[in-house]
Structures are given as C-alpha cells and as structure tokens.
Amino acid sequence: MNTPPQNGRSGTGPRNLAILGATGSVGTQTLDVVRLFPDRFDVKALTCGRNVDLLAEQVREFQPECVAVGAPSQAQALERALSGIAPDVRILAGEEGLCAAATRADVDVVVGAVVGFAGLRPVLDALKAGKQVALANKETLVVGGALVAEALDQSEGRLLPVDSEHSAIFQCLLGEPDRSVEDVVLTASGGPFRDRAAETFGEVTVSEALDHPNWSMGAKITIDSATMMNKGLEIIEAKWLFDLTLDQIQVLVHPQSIVHSMVAFTDGAVKAQLGVPDMKVPIQYALSFPARWEAPHERLDWGELSRLDFARPDTDKFPCLRLAYEAMETTGTAPAILNAANEVAVERFLDEQIGFTDIPRAVERALAQIPVRPEPTLDDLVAADEEARRFVEELPLPASN
Ligand code: NDP
Ligand code: MG
C-alpha cells in the first residue's frame, strides 16, 4: 500500500477536504470530525447522490467552494436549494462533476464515502491527480483494485483506509518490517442473523435485516453485513490495501465488535487494535495520520467488558462469503460482476421485490453465467458492471418460489 510518509503531509495549514458522499453515514460522521477540529480543516467540496436538501444544509454550515450532485436530474433542484444560501458556490453534476470536485487544485485530501461502484472513477481520478484519499468506499477496491494499485504506482496519490477493520490492520502494521506478516484476521460481527437458524432466512424482513446489532450505517452496507457479503468485500479490500494473498486473510466472527482486526507476524506475535465500535475513530485517524488528535470519542470500559468471543464463520449459512473468495480467486472482471450483482440484489431486496436468500442466489447466478474478462481496463469494468446489473434486474426472482 502506498501510504503517506510517516513524517506527515507537507505544509502546516489546514487540510483542504473534498468529501464525496457527504450526506451518507460516513460522510456525515466525517463532518462531525471536522466540527471537532474547525481549525484543522477547510472543506472545499461536498457531494451527494440525490439528497440536495441535506447537502444545502451542509453548504450553509461548511461553506465549500464547490458542490456536486451525482444524479444529473437533481442539478436544478440543488441550484434552487443553494440560491439564497451560497450564490457563488460552483455547482457540478453527474460522475464528471464528482470527478471534478475530487481533483480540484485547492483540495489535498479526498474522503471517498460514496456507496458502491459510483465511487470508483472519482477515487481513481483523485489518486491520479496526486491527492491523499481516505477511503471508505470498499467497492472501489473490490472492482478496481488493480487499477487503484497502478494509479498509486504512477502518481503521488496516497491511500488511507477508513473501514474499521482495515484501519486496525493499518495501525497494527505501523513500524513493522516488510514481509514480517504471516496473516491477518478480519473480525466480523456476524450481523443480526448470526444466531438465527438458516432455515428461517427465507422469511427475513427488510426491517430485521436493517437492524444491525453494533454499527449504525447506510442501508446497503447494513444489508451486506446481514448477508456477510460485507466481509467478503472486505477480504478483497484487504488483499489490495495490504498486498496479501487470499490464504493470508482469515475471517473470525467476533460478536462484540471490540477487536477491529488483528495481524499475526512470522515470529508468532499477534497485534490487535481494539475500541468501541464508532466510525468516527477510524475516520479521524485517516485524516490525522500520522498524528493522533485528542478527541472525546467514547472510551472502552474495561470493567463492562466481561468477555471477547471468536468463532469461525459458517459459509454454508452465509454463502456470500464463499462467493467473494471465489470471485477474487477468479480475478479479472469477476469481482466487478460479484459487486454489481450484489448492489442490484440488495436494492431489489430493500424494495421488497426479492427475498433475503435471493441475494446470494442472484450473485451466484451472475458469476456462473456472465463471462469473465482477464486483466480488465476501466472500460471493461464498466461493461461488466452494466452487464451484471442488467442480469440481476432481469432475473426472474424470487428464485425461491
Ligand atoms: P450511505 O448510503 O449512508 O451514503 C452514501 C453516500 O453516497 C451518500 O452521500 C449518497 O448520497 C452518495 N451516493 C449514493 N449513490 C451515489 C451516486 N450514484 N453518485 C454519487 N453519490 C452517490 O453509505 P455509507 O456512508 O454507509 O457507506 C459509504 C461507503 O463506506 C460504502 O462503500 C460502505 O461500504 C463504506 N463503509 C461504511 C461504513 C459505515 O459505517 N457506514 C463503515 C465502513 C465502510 P445521497 O445521500 O444523496 O443518497
Ligand atoms: Mg468494516
């Protein structure tokens, strides 16, 4: 991973931020961190998908130079929402707009907090433009990990993980020599259905699946946690971030979500990073690195912490985990097909068009039936994404009926 030098960014002024996906769960928590350190940040650009009302509120508070809305159809609504608030703010729209916001000359740190494939191109462009990217959008690495690695090699761009497990691994690796890692352990809460009988998964409702025991997150990642696709995506994310082979990445179910992940070294030592499950901590660290800034985030209460449990995941019960391993082993466009099929299946589940168990079924069918291209270009990835989306949109589900 091409991390920033440990002596920090050049310059001592505030970090000039572009927050892509500012209206989401990670985006709004990033702004909570900015509120804690108003002198250390200057927000230059904010983007959303469609939620122009929340974006307008954020503009009023943070006064960026530029905003972008992902859905071009919302550009006029955004203009109206901002007319009385910020007449001079530059308004952009569509993927091009997000890319322009991410590569502005006055931006040095980009927070990648868009959900899904839509985050890929803006992050790639930001890296190519030499930006430091604090990356939450794991789908970018799942789909385009090889292109991200290439962009990091060929530019001054730098990547810092925001995902809590990957932030934990990153912290465990600091100060350790190259090639000293034996393997890493990604912890997983197991989601809301960890202890539910698999035979009842066909009856899972949307509200049950959205009820995550430990983390409050956007809808898509919450469903991914319930199917454990989230952990599958995180395996692929870890592979690219830390240059690991798949057999160096283990998953352990850890219901308390206190140990965020662990690294085992070649001498038998293991390092873990622990904390209360609160995304503001890894978000802040990705922005403060290599410093740690004193902050009032909730502390672990050791007296309350009576036990930490760990168990191997059940891939029969959670087939998405197995499918993610298989897609990564196949490489090429397979992870893009896995990701797009999953995005559409999750949307269809949230719209109550298909059942919970149809999500892995749809992904498995897409992987089985859509031809995989080796060593894809960005255009190949876009084509694979579109094909897998169409495939799952048209799939006559529920397949279980
Ligand atoms: P949310 O759904 O809460 O927010 C997503 C953000 O992306 C919103 O600002 C949304 O805008 C915007 N967006 C959605 N679609 C588009 C699009 N097509 N074009 C442009 N912008 C778009 O997601 P989260 O914050 O939960 O997750 C963001 C990413 O971070 C995901 O990849 C997730 O896996 C990852 N992550 C999240 C964690 C969490 O705790 N939430 C933890 C670790 C990783 P709008 O509001 O207008 O819809
Ligand atoms: Mg995570």
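The values are calculated or read from the model by the stated rules, or taken from the named source; none is laboratory data. Quantities reported herein were computed from a predicted structural model and do not represent experimental measurements. We place every Cβ from the backbone using ideal geometry, glycine too, and count neighbours over all the protein chains shown.
Set side by side, the residues G116, G70, G112, G97 differ, and just one is at pLDDT 95 or above, within 16 Å of ligand 2 (Cβ to nearest atom), within 24 Å of G218 (Cα to Cα) and touching a strand residue (DSSP E or B) at 6+ places or on another chain (Cβ under 8 Å), which is G112. Return the residues of the stretch 24-67 that are closer than 20 Å to V107 by Cβ and either modelled with pLDDT under 95 or among the polar types (S, T, N, Q) (or both); say none if nothing qualifies. Matches in the stretch 24-67: T28, Q29, T30, T47, Q58, Q63. Here is the figure for the stretch 123-144: residues that are more than 14 Å from the chain's Cα centre (by Cα) and hydrophobic (A, V, I, L, M, F, W, C) total 4.
Only residues that are crowded, with 19+ Cβ neighbours inside 10 Å and either within 7 Å of ligand 1 (Cβ to nearest atom) or over 19 Å from M217 (Cβ atoms) (or both) were counted across the stretch 24-48, and they come to 13. For I223, the criteria (1) farther than 22 Å from V148 by Cβ; (2) more than 16 Å from ligand 2 (Cβ to nearest atom) hold in every case but one, which is (2). Residue count for the stretch 215-251, restricted to those that are surrounded by fewer than 18 Cβ atoms within 10 Å (Cβ to Cβ), in contact (Cβ under 8 Å) with a residue 60 or more places away in the chain and either more than 13 Å from the chain's Cα centre (by Cα) or more than 12 Å from ligand 1 (Cβ to nearest atom) (or both): 8. Does the stretch 160-195 hold any residues that are under 20 Å from the mean Cα position of the chain (by Cα), in a loop (DSSP other than H, G, I, E, B) and either away from ligand 1 (no atom under 14 Å from the Cβ) or closer than 19 Å to H254 by Cβ (or both), and which are they? If the condition is that a residue be under 20 Å from the mean Cα position of the chain (by Cα), in a loop (DSSP other than H, G, I, E, B) and either away from ligand 1 (no atom under 14 Å from the Cβ) or closer than 19 Å to H254 by Cβ (or both), then D163, S189, G190, G191, P192 are the ones that fit.
Across the stretch 72-122, what is the total count of residues that are outside any helix (DSSP H, G or I), over 25 Å from A384 (Cα atoms) and hydrophobic (A, V, I, L, M, F, W, C)?
So in the stretch 72-122, the residues outside any helix (DSSP H, G or I) come out as 84-93, 103-116.
Imposing the further condition that a residue be over 25 Å from A384 (Cα atoms) reduces the set to 84-92, 103-111.
Adding the requirement that they be hydrophobic (A, V, I, L, M, F, W, C) leaves 85-86, 89, 91-92, 105, 107, 109-111.
Count: 10.
With respect to R312, is the statement that it is surrounded by fewer than 18 Cβ atoms within 10 Å (Cβ to Cβ) and farther than 23 Å from T245 by Cβ true? Answer is no for this residue. Put simply, of F242, F193 the only residue that is hydrophobic (A, V, I, L, M, F, W, C), under 28 Å from G24 (Cα atoms), modelled with pLDDT of 95 or more and away from ligand 2 (no atom under 16 Å from the Cβ) is F193.
Here's the yes/no breakdown for (1) hydrophobic (A, V, I, L, M, F, W, C); (2) without any contact (Cβ under 8 Å) to a residue 12 or more places away in the chain; (3) under 30 Å from L17 (Cα atoms):
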site	(1), (2), (3)
I258	yes, no, yes
M279	yes, no, yes
L305	yes, no, no
M328	yes, no, no
D351	no, yes, no
A366	yes, no, no
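In the stretch 133-159, the qualifying residues are those that are surrounded by fewer than 24 Cβ atoms within 10 Å (Cβ to Cβ) and either of a type in the set (S, T, N, Q) or part of a strand (DSSP E or B) (or both), and the one that is nearest to ligand 1 (Cβ to nearest atom) is R158.
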